[in-house]
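The values are calculated or read from the model by the stated rules, or taken from the named source; none is laboratory data. Here the structure is a predicted model, which means the values were calculated and not measured. Here the Cβ positions follow ideal geometry from the backbone for every residue, glycine too, while neighbour counts run over all protein chains shown.
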Amino acid sequence: MAQANPYLNARREWDERYGDQIARAKSWRIAALAALAVATVAVAGVAYIGAQSKIKPFVVAIDKMGSPIAVAQPSNGSGVTQRIIEAQLANWIVNTRMVLPDQTAQQTLLNRSYAMLSSNAASTVSDWFKSNSPFGAAYTVNPQVNSVLPTGANTYQVNWTEVKAVPGQNSTTTHWKAQITVGVDAKLADKPQVMLDNPLGIFIQSLNWTQSVS
């Protein structure tokens with residue numbers, strides 16, 4: 001039987017005793033470095049979030065006629081789209097041209113109408129109402145928008161039909177069209193008197209409407 005080598009035995013004992021300690025120390029170093037990396041990423045994330053703007057945008061949901069029905073915060077902001085402008089213009093025609101027997105309801109419609117008008121457009125509409133006042137009228141007018149067509153970068157043609165009803169008489173139908181130039185100014189919604197009726201800041205710069213041949 002070969003005699004045991006005391007050098008090899010000592011070497012083996014050293015490897016078993018201290019090698020495991022070295023391996024454990026290496027594992028702890030790796031774990032510590034990983035924890036440090038995670039902490040660094042977390043701190044950077046908190047700093048990034050803290051640097052973000054605390055002013056959060058909100059989007060106004062509208063119905064098929066363009067009336068605001070809900071407000072919600074989106075994941076990211078978006079501008080006023082062409083479809084929204086078209087819906088708002090259709091809604092504006094209805095508010096402006098409709099004639100109701102209830103004067104309170106009529107005034108509500110006109111408030112919504114004027115909330116979307118520039119001073120130039122408001123002058124045009126006011127001139128119309130001087131000879132076509134909806135208050136105290138002996139008839140009603142029900143407008144129905146048929147189409148809103150873009151004709152340029154900021155211009156649209158609106159086509160609609162009006163049914164005028166006089167008590168005791170047959171109703172009459174006429175066809176109308178308007179050329180409208182629009183703009184968008186979100187600051188308009190900052191005004192309390194405008195915010196509820198025009199939350200998107202869409203306004204009519206100029207308009208011209210005429211009756212069409214049937």
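The figures follow:
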| item | result |
| --- | --- |
| Residues of the stretch 115-140 satisfying the condition of being part of a strand (DSSP E or B) and surrounded by fewer than 18 Cβ atoms within 10 Å (Cβ to Cβ) | T140 |
| Filter result for A121 (touching a helix residue (DSSP H, G or I) at 6+ places or on another chain (Cβ under 6 Å) and more than 23 Å from T173 (Cα to Cα)) | no |
| Test set (1) within 23 Å of L200 (Cα to Cα); (2) among the hydroxyl-bearing types (S, T, Y); (3) at pLDDT 95 or above - T161 fails condition number | (1) |
| Selection within the stretch 169-214 - modelled with pLDDT under 85, surrounded by fewer than 13 Cβ atoms within 10 Å (Cβ to Cβ) and part of a loop (DSSP other than H, G, I, E, B) | K191, L196, V213, S214 |
| Selection count where residues are loosely packed, with under 15 Cβ neighbours inside 10 Å, of a type outside the set (S, T, N, Q) and either assigned to a strand (DSSP E or B) or under 30 Å from the mean Cα position of the chain (by Cα) (or both), scope the stretch 141-168 | 6 |
| Top-ranked residue in the stretch 82-114 [being touching a residue at least 40 places away in the same chain (Cβ under 8 Å) and in a loop (DSSP other than H, G, I, E, B); ranked as farthest from D190 (Cα to Cα)] | L100 |
